[in-house]
Amino acid sequence: MSTPSVSLTISPWQRQPWKALYLTYKVATLAALHPYWVLKRLFHLRDAFPRSWTLLEVIHVQQFRHIEATLSACDFAPGVLDYRSLPAKSGKETRPVWIEAAGAEYLTGILSSKLAGAVDIPGYVWGAGKDDKDGPMNVGEGENVLLYLHGGGFMFGCAAEGDVTAANPRALLALVPSLKHGLTVDYRKVTQAPFPAAVIDCLSAYLYLLRRVKPSQVIVSGDSAGGSLALTLTRYIRDGIKRPDLLPKALVLFSPLASMETDLGPKHDLLPPKNLQRDLLDFNVIHPYMATRLLMTNPVSLIDSPWLSPASSVVPAEPALFANFPPAFITAGGAEVLLEGIVELERRMTLSGVKVAFHLEEDAPHDFQMFSWYKKEAGEALLVKTVNERNTNEW
């Protein structure tokens, strides 16, 4: 019997000329909605956002929700770079490098997919290695290397220094004394290739680093969907190629997507997330689209597996789930829609004996530390805690 799968439903707004017309309409309505949002906030008219937020922060979150709904309806992914080409010049903070595709001997089990093979992908070298010529990074004794996997729902964004997610590796390299080098990865998005393409690309980047440094010198970090990729990569090293000796030194996860539990037809009868109306992520819109785009012809059961949803209620919470995982630092915002999954992730990792440091920022939205418009002091304080209070001096 064949395994159930999903197919991407094409709406009229995903084809031209309707896409252009729809985008024009939504941009026009965005301007018209601003006075409405201001009035709702000032007069507390069905305003679900935390009272601690400023009016400007509320407007930013409302804009984000409006835009992500528009992009999902149009199947439009801004900020995604062509993974088949490499920028010709270095940036102010980075230099581009080709990351060689992982060898066939590393692609087994869940990564031995006919849907997406290994390809060379672009990466960006940060920090002390930025000015090195092509070749091995000049990593000194006791220095660690950051492998950063950006967020964007597997659909949007890129690894370049101009992307909003670049605020995270930039801050980590500036504040963690032992981190002198970094590598960000332009993994393939679901608009370019289905699962497991992104995981394969992250594995290629990790192996790229291991040809230059020891696993005990690599810290893997990611935000949102990048945090999910960091967890999947670690699980694949442990369970896929069964090389616990190659596990990284530590994980740093900002608002990680730990459960993609969703209703793809009559599968589940799930309660809506607690912060569904409060966060900048509108999961009513983006979650079904993201899950469908991610799966394509993969089985629906993949959504509820430890590979994509280790904090899902469908996945048994048992000590073996995260056994032998490296120490982890995890953050979450008190108003983010992923909060329940992140809290459960921390609980399950602790149950497995993993040394976890967890920071919950009260009232904060998803990925709060990287947005310049949200309480800058909160993001800075979080990163200082990462360095000073969370035993990262051991890194």
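The values are calculated or read from the model by the stated rules, or taken from the named source; none is laboratory data. None of the values given here were measured: they were computed from a predicted structure. Glycine gets a Cβ as well: all are built from the backbone with ideal geometry, and neighbour counts include every protein chain shown. The protein model used for the area step is the full one, side chains on, heavy atoms only, and it has no ligands, DNA or RNA in it. Shrake-Rupley method; radii C 1.70, N 1.55, O 1.52, S 1.80 Å.
Some points to look at:
- Residue count, the stretch 329-340 (criterion: of a type in the set (D, E, K, R) and either modelled with pLDDT of 95 or more or buried (at least 21 other Cβ atoms within 10 Å of the Cβ) (or both)): 1
- Flag if V220 is of a type in the set (V, I, T) and assigned to a strand (DSSP E or B): yes
- A search for C-beta distances below 6 Å between a residue of the stretch 27-43 that is at pLDDT below 95 and any residue that is open to solvent by 50 Å² or more (accessible area, probe 1.4 Å) and not β-branched (V, I, T), counting only pairs 6+ apart in sequence or on different chains, returns R41/L55.
- Within the stretch 55-84, residues that are farther than 17 Å from G152 by Cβ have Cβ atoms under 7 Å from residues that are basic (K, R) in these pairs: L55/R41; V58/R41, counting only partners at least 6 apart in sequence or on another chain.
- Subset of the stretch 272-328 that is without any contact (Cβ under 8 Å) to a residue 40 or more places away in the chain and under 30 Å from R51 (Cβ atoms) - its residue that is least open to solvent (accessible area, probe 1.4 Å): H287
- L210 of a type outside the set (S, T, N, Q), touching a residue at least 12 places away in the same chain (Cβ under 8 Å), within 27 Å of I110 (Cβ to Cβ) and open to solvent by 30 Å² or more (accessible area, probe 1.4 Å): yes
- Checking each residue in the stretch 38-88 for being closer than 17 Å to D163 by Cα, of a type outside the set (A, V, I, L, M) and in contact with a strand residue (DSSP E or B) (Cβ under 8 Å, 6 or more places away or on another chain) picks out Y83, P87.
- Residue count for the stretch 116-163, restricted to those that are more than 24 Å from the chain's Cα centre (by Cα), in contact (Cβ under 8 Å) with a residue 40 or more places away in the chain and open to solvent by 40 Å² or more (accessible area, probe 1.4 Å): 3.
- In the stretch 287-298, the residues that are more than 14 Å from the chain's Cα centre (by Cα) and either closer than 14 Å to F156 by Cβ or polar (S, T, N, Q) (or both): Y289, T292, R293, T297, N298
- Summed over the stretch 199-246, residues that are within 26 Å of L360 (Cβ to Cβ) and over 19 Å from the mean Cα position of the chain (by Cα) total 0.
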